[in-house]
Amino acid sequence: LLTKSKLMLYILDNTGEAVFDKIFIDEIKDRYNLKIKVAVRSAPIINDMTKKEAIEIGFSEKDIIDSGSTMAGMTLKVANEMFMNLWKEADIIISKGQGNFEGLDEIKDDRLFFLLESKCPVISKILGVNLGDIVMKRNILNSL
């Protein structure tokens, strides 16, 4: 999938984890001819990424987009026009974190992947994993 893709939308989550996301994204960029845009929260909420923190850890300002979300997690209901345009255009969408999973899980889309740690029993049950497991889930029907 990565070899055929031109654009990835990567929805960031927590500021602490984003340092590792940056390394992961840089590795993908080094291996594939892929443009990657990172989406951040529109305003500070809990410990989620905003544009300010994304720049501080080394993301290029031109690669950062404001998602429109001012809450923990992301839903398309609150997404701004720029985010929605990238959502429609992206060949791959990676959504980081449990909050983003909770907001986007109902969207069944072959392009959508979730990376998260299952932090509560309800999400563990939904995903069919143990509490604390690290999960990568492609969001198509009956897929884990």
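Picking from Ser5, Ser67, Ser42, which residue would you name as being touching a Phe, Trp or Tyr at 6+ places or on another chain (Cβ under 6 Å) and either modelled with pLDDT under 95 or small (Gly, Ala, Ser) (or both)?
Selected residue: Ser67, the only one of Ser5, Ser67, Ser42 that is touching a Phe, Trp or Tyr at 6+ places or on another chain (Cβ under 6 Å) and either modelled with pLDDT under 95 or small (Gly, Ala, Ser) (or both).
Which residue pairs have Cβ atoms closer than 8 Å, lie 6 or more positions apart in sequence or on different chains, and pair a first residue in region 27-52 that is touching a residue at least 24 places away in the same chain (Cβ under 8 Å) and farther than 14 Å from Glu17 by Cα with a second residue that is loosely packed, with under 15 Cβ neighbours inside 10 Å and hydroxyl-bearing (Ser, Thr, Tyr)?
Tyr32/Thr3; Arg41/Thr70; Ser42/Thr70; Ala43/Thr70; Ile45/Thr70
Could you check Leu116 against (1) out of contact with any Gly (no Cβ under 8 Å at 6 or more places or on another chain); (2) part of a strand (DSSP E or B) and say which number it fails?
The number of the failed condition is (1).
Identify, please: which residue in region 66-110 is touching a helix residue (DSSP H, G or I) at 6+ places or on another chain (Cβ under 6 Å) and part of a loop (DSSP other than H, G, I, E, B) and is, among those, farthest from Leu9 (Cα to Cα)?
Residue satisfying both the conditions and the ranking: Ala72.
Do the conditions hold for Lys22, that is, is it of a type in the set (D, E, K, R) and surrounded by fewer than 16 Cβ atoms within 10 Å (Cβ to Cβ)?
No, not satisfied.
Any residue at all in region 88-104 that's of a type in the set (D, E, K, R), in contact (Cβ under 8 Å) with a residue 60 or more places away in the chain and farther than 18 Å from Lys22 by Cα?
Yes, the conditions are met somewhere in region 88-104.
Mind checking whether some residue in region 39-56 is in contact with a Pro (Cβ under 8 Å, 6 or more places away or on another chain) and either farther than 30 Å from Thr3 by Cβ or part of a loop (DSSP other than H, G, I, E, B) (or both)?
Yes: one or more hits.
Condition check: crowded, with 21+ Cβ neighbours inside 10 Å and within 28 Å of Gly132 (Cα to Cα). Does Gly16 satisfy that?
Spelling it out, it is not the case that Gly16 is crowded, with 21+ Cβ neighbours inside 10 Å and within 28 Å of Gly132 (Cα to Cα).
Inside region 112-143, can you point out the residues that are buried (at least 20 other Cβ atoms within 10 Å of the Cβ) and farther than 19 Å from Ser69 by Cβ?
Ser118
Name the residue, out of Arg138, Arg111, that is within 15 Å of the chain's Cα centre (by Cα) and under 22 Å from Phe20 (Cβ atoms).
Criteria check complete, one pass: Arg138.
The values are calculated or read from the model by the stated rules, or taken from the named source; none is laboratory data. Everything quoted here is computed from the prediction, not taken from an experiment. Don't worry about glycine lacking a Cβ; one is built from the backbone with ideal geometry, like all the others, and counts go over all protein chains shown.
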